[in-house]
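Working notes, beginning with the structure itself.
Just so you know, all these numbers are worked out from the coordinates, no wet-lab data involved. The shown structure was predicted, so the numbers you read here are calculated from the model rather than taken from an experiment. Reconstructed Cβ throughout: ideal geometry from the backbone, glycine too, with neighbour counts over all protein chains shown.
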Amino acid sequence: REVWVRKFVSLLYEDASAPSHFMALVTDITDERAALAAQHEAMRQKDEFLAVLAHELRNPLAPIRTSVA
């Protein structure tokens, strides 16, 4: 199974010579990524619907617009 993570890594120093400890924080963001992907898909579907709707509304009005002009 694929898991998405956010990581944070830091070196801790006791004195200025060399790092004495290593600290890491790993957070599972798989659910956030899935929600973001679903949101992007919904936006894509909305944009596609609006493009089709605009096309359908524009084409039937073209002959009327031409005859009026």
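Under a plain spin-label model, where a point goes 7 Å from the Cα along Cα-to-Cβ, how far apart in nm are Leu12 and Ile29?
A separation of 2.4 nm, rounded to one decimal place.
Pick the calculated mean projected area of the Cα convex hull in nm² for this structure from [x] 6.5; [y] 5.1; [z] 10.1?
Only one option fits the structure, namely [z].
Given H placed on each backbone N at 1.01 Å, which residues far from Ile29 in sequence or on other chains put an amide H within less than 5 Å of it?
Amide H to amide H, under 5 Å and 5 or more residues apart or across chains, Ile29 pairs with Trp4, Val5, Arg6.
Given charges of +1 on the Cβ of Lys and Arg and -1 on the Cβ of Asp and Glu, with all other atoms neutral, how large is the dipole of the chain about its Cα centre, in debye to the nearest 20? Show your work: numbers first, answer last.
Details: 8 positive and 10 negative charges, 98 e Å.
That gives the chain a dipole magnitude of about 480 debye.
Rank Ala51, Leu12, Ala38 by how far each Cα sits towards the positive end of the charge dipole of the chain (+1 on Lys, Arg Cβ; -1 on Asp, Glu Cβ) and give me just the farthest.
Sorting the options by dipole projection puts first Ala51.
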